[in-house]
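This report refers to the structure that appears directly beneath it.
The values are calculated or read from the model by the stated rules, or taken from the named source; none is laboratory data. Remember, it's a predicted structure, so these values are computed and weren't measured experimentally. Note: ideal-geometry Cβ built from the backbone for every residue, glycine included; neighbour counts use all protein chains shown.
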Amino acid sequence: MGVLIGVCLVLLGIASLFIGVSDVSPAALLEGGTDGTAAFLLAASRVPRTVAVLLVGASLGIAGLILQMLVRNKFVEPGTTGVTEFATLGMLVTIVLWPGMAVMGKMGVAAAFGLVGTWVFLRVVRAVPVRQLVLVPLVGIMLGGIVGAVTAFFAYRLDLLQSLGQWSQGSFATIMAGRYEYVWIAGVMVIVAWIAADRFSVIGLGEEFATNLGLDYRRVVAIGMVVVAVITAAVLVTAGMIPFLGLVVPNIVSLIIGDNVRRSIPWVAGLGALFVLACDIVARTVRFPYEIPLSVIVGIVGAGLFLWLLLRKGSRAH
Amino acid sequence: MRTDTVAPTASAPEPAVASPRSRLASAWARPGVRLGLLVTLVLALAAVYLFTAVPGSLEYALKIRSTTVVAMVVVAIAVGVSTVVFHTITQNRILTPSIMGFDAFYMLVSTVIVFFLGATTFLRADPVTLWLVQVAIMVAFSVFLFTWLFGGKRRSIHLMLLVGIVLGTFFRSLTEWMQRMLDPLDFQVLTDTGFASLTRPDETLLLLTGVLVVLGCIAVLPLLRTLDVLTLGEPVAVGLGVNHRRVIMALFAIVSVMVAASTALVGPILFFGLIVANLAYSYAGTFRHRWTLPTAALLGVVFLLGGQLLLERLFGFGGSLSMVIEFAGGLFFLYLVLRKGAR
């Protein structure tokens, strides 16, 4: 199974390099050599795009997985906890207050807002007396809705509604060399998550149990929150909002191999990357030569899979 | 779910010497009096909206503003009635048609029609028939979908809520995808005919939706007592001789018609029905539908008119009413869900 994911990733990755309006084919590459148009396009657009897609897919899956361990609930991800909406509000704030700020700074502010969002969510969820499995994401979605309404209101008042819609919509269409490198930060976070994987497994067993095992519960939770917020912000800055990904991928992995975080991290990363890559290729080809936003495709497929997870026989949600 | 204890609908026998205060209190306990107060409030608000702050010719202002008021009334009736009926059918007070994705579904249906027929057919066809076809498709599918979801074994309310929200995203994504696949011309036609705004409603559309909503209300009238019985739960209702399955199907159909009407007029407002219906239950003080249904509709008018007045005249931004409703509704919803979770 793991081999299958790997093979698919390599095949689709190569395909992704050669899909596009201009002719970039192996033949054209051989003909033009290293300074032909094809080679330039490959280096400036196709390779960055494919790398960004892979990193975003992998890191969003990981963000979902970590969040699920922190909250101990299978149905949360940055998009169902208000984290994404908080980060979007942060982006709006930077656009309004410091329009000339570098992308790095914007990302930092967005990550800080995302961190606040994670914290608010964890507080609110603690106030939910009965930890009902489905109530937690519900509260998160509502929280996101409220923050989203605030963002939309200010954007509307400041005539930024259209541009807000434009950059918060998930798409890789504008990725080019020099404009996507921030997404590597999300990749670094994946490695951090991998190193701390066992701790997150233990966190998933509950605070008392984790403390009993000699773990500094608060510190691990803090690391997890930072990882989630930074990944969310990095993805938001480069690609926009991509719904349901962090939820669907870890759930499918947990159906296949269970809940050990150290074992599932490579799976989640691989499957997440594969999922986004496949969706991105569909988004690029279905209305060729135009593109459809990736978030639309992911929304359809992801929502379908989520519904299946919720309503299938033997689902824990019942 | 929560069934109200029977509130005092008939007034208690009055004491021999009634002080003015207790007489007031006993009058307040009567749903009819409460409803009357609400009607007065609506009339007063409408008068203020229509006749004050007229910048130019009164006649012109009246013409435009009265269309807005009529549109608000139609929307409020549609949302109020559909939400209360939906609550009764599904035996809860948190799910509403729009939270379950009904209006996203309506948008999907109208997009699909343009998608497969193309704008030329759309423009050449008689708009009335076309709109009716649209509503008919919507009713057929939603009755199918929601009897499947709510019929059969009972699922937890929270699960259904989550399913509804995800369904909404699913429908919206599908709609957006289809809109992206449309010709720019077709897309233009879709946005032109499909959706109008509350402050500038299309008159034909307003007339159509108005007629549909009135028809829906007439269809609900003979079912008022059946609705009261349905609040007791399915087993009791069946025991009392209600043909449960058929009644539920009919009510779902009415709900979908109402939702189609309101969505066509103003587009989706997610939490409006939730606020209106829940306030109506506590305001009416009874579970009987002959009182709760009109109360919900009237409260809806109060919110829309009052909100528009406040935003337009006091704060000077008229267009953002739905965002404010969304914000307040989200907070209210969170409160409701968390409070229910505590029980």
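Conditions tested, residue by residue: (1) closer than 15 Å to B:Leu309 by Cα; (2) more than 26 Å from the chain's Cα centre (by Cα).
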residue: B:Arg21; (1), (2): no, yes
residue: B:Leu37; (1), (2): no, no
residue: B:Val42; (1), (2): yes, no
residue: B:Leu58; (1), (2): no, yes
residue: B:Lys63; (1), (2): no, no
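For the range A:115-125, the count of residues that are touching a Pro at 6+ places or on another chain (Cβ under 9 Å) and buried (at least 21 other Cβ atoms within 10 Å of the Cβ) is nonzero.
Taking the range A:151-164 as the range and being facing chain B (nearest Cβ under 7 Å) and either aliphatic (A, V, I, L, M) or buried (at least 23 other Cβ atoms within 10 Å of the Cβ) (or both) as the test, only A:Ala152 passes. Of all the residues in the range A:252-265, those that are surrounded by fewer than 21 Cβ atoms within 10 Å (Cβ to Cβ) and either within 14 Å of chain B (Cβ to nearest Cβ) or in contact (Cβ under 8 Å) with a residue 40 or more places away in the chain (or both) number 6. So which residues in the range A:172-189 are in contact with a Ser or Thr (Cβ under 8 Å, 6 or more places away or on another chain), small (Gly, Ala, Ser) and assigned to a loop (DSSP other than H, G, I, E, B)? A:Ala177, the sole residue that qualifies.
Only one of these is over 22 Å from B:Thr204 (Cα atoms), at pLDDT below 80 and assigned to a helix (DSSP H, G or I): B:Leu132, B:Leu149. Name it. Spell out the reasoning first.
Values: B:Leu132 fails: over 22 Å from B:Thr204 (Cα atoms).
From the options B:Leu132, B:Leu149, the qualifying one is B:Leu149.
Remark: A:Ile5 matches the filter, which requires a residue to be in contact with a helix residue (DSSP H, G or I) (Cβ under 7 Å, 6 or more places away or on another chain), surrounded by fewer than 21 Cβ atoms within 10 Å (Cβ to Cβ) and either over 20 Å from A:Glu291 (Cβ atoms) or of a type in the set (Lys, Arg) (or both). Given the criteria out of contact with any Phe, Trp or Tyr (no Cβ under 8 Å at 6 or more places or on another chain), more than 10 Å from chain B (Cβ to nearest Cβ), under 22 Å from A:Trp167 (Cα atoms) and surrounded by 23 or more Cβ atoms within 10 Å (Cβ to Cβ), does A:Val276 qualify? Against the criterion (out of contact with any Phe, Trp or Tyr (no Cβ under 8 Å at 6 or more places or on another chain), more than 10 Å from chain B (Cβ to nearest Cβ), under 22 Å from A:Trp167 (Cα atoms) and surrounded by 23 or more Cβ atoms within 10 Å (Cβ to Cβ)), A:Val276 qualifies. Between B:Leu223, B:Leu265, B:Leu240, B:Leu251, the distinction of being modelled with pLDDT of 85 or more and closer than 23 Å to B:Gly164 by Cα belongs to B:Leu251 only. Considered as a group, the residues in the range B:313-328 that are more than 17 Å from the chain's Cα centre (by Cα) and more than 9 Å from every other protein chain (Cβ to nearest Cβ) include one that is modelled with the lowest pLDDT, and that residue is B:Gly318. Checking A:Leu294, A:Leu271, A:Leu245 one by one, the residue that is surrounded by 22 or more Cβ atoms within 10 Å (Cβ to Cβ), out of contact with any Leu (no Cβ under 9 Å at 6 or more places or on another chain) and away from every other protein chain (no Cβ under 12 Å) is A:Leu271 and no other. None of A:Ala177, A:Ala193 is touching a residue at least 60 places away in the same chain (Cβ under 8 Å), crowded, with 22+ Cβ neighbours inside 10 Å and not polar (S, T, N, Q) except A:Ala193.
When A:Gly108 is tested against the conditions (1) assigned to a helix (DSSP H, G or I); (2) within 14 Å of chain B (Cβ to nearest Cβ), the lone failure is (2). Pairs meeting the criteria (first residue in the range A:275-288 and basic (Lys, Arg), second residue outside any loop (DSSP other than H, G, I, E, B), beta carbons under 8 Å, at least 6 apart or on different chains) are A:Arg287/B:Arg180; A:Arg287/B:Met181.
Exactly one residue out of A:Val125, A:Val139, A:Val120, A:Val147 is at the interface with chain B (Cβ under 7 Å from one of its Cβ atoms) and not in a loop (DSSP other than H, G, I, E, B): that is A:Val139.
The residues of the range B:244-269 that are assigned to a loop (DSSP other than H, G, I, E, B) and under 10 Å from the mean Cα position of the chain (by Cα) amount to a single one, B:Ile269. For the structure I just gave you, tell me whether A:Phe121 is more than 15 Å from A:Met142 (Cβ to Cβ) and among the aromatic types (Phe, Trp, Tyr). Against the criterion (more than 15 Å from A:Met142 (Cβ to Cβ) and among the aromatic types (Phe, Trp, Tyr)), A:Phe121 does not qualify.
Quickly run through the range A:279-291 and pick out the residues that are within 14 Å of chain B (Cβ to nearest Cβ) and buried (at least 20 other Cβ atoms within 10 Å of the Cβ). Explain how you work it out, then say what you get.
Filtering the range A:279-291 for residues within 14 Å of chain B (Cβ to nearest Cβ) gives A:279, A:282-291.
Those that are within 14 Å of chain B (Cβ to nearest Cβ) and buried (at least 20 other Cβ atoms within 10 Å of the Cβ): A:Cys279, A:Ala283, A:Arg284.
In a residue-by-residue description of the range B:278-287, the property of being under 20 Å from B:Ile165 (Cβ atoms) and either at the interface with another protein chain (Cβ under 10 Å from one of its Cβ atoms) or modelled with pLDDT of 85 or more (or both) applies to at least one position. Looking only at residues in the range A:221-242 that are over 17 Å from the mean Cα position of the chain (by Cα) and crowded, with 17+ Cβ neighbours inside 10 Å, the one that is nearest to the other protein chains (Cβ to nearest Cβ) is A:Val221.
Would you mind stating whether B:Leu298 is touching a helix residue (DSSP H, G or I) at 6+ places or on another chain (Cβ under 8 Å), within 14 Å of chain A (Cβ to nearest Cβ) and in a helix (DSSP H, G or I)? Talk me through it step by step, then tell me what you get.
Working: touching a helix residue (DSSP H, G or I) at 6+ places or on another chain (Cβ under 8 Å): yes; within 14 Å of chain A (Cβ to nearest Cβ): no; in a helix (DSSP H, G or I): yes.
Taking the combined requirement at face value, the residue does not satisfy it.
Evaluation of A:Arg218 against the conditions (1) of a type in the set (Lys, Arg); (2) under 19 Å from the mean Cα position of the chain (by Cα); (3) in a helix (DSSP H, G or I) shows that the sole unmet condition is (2).
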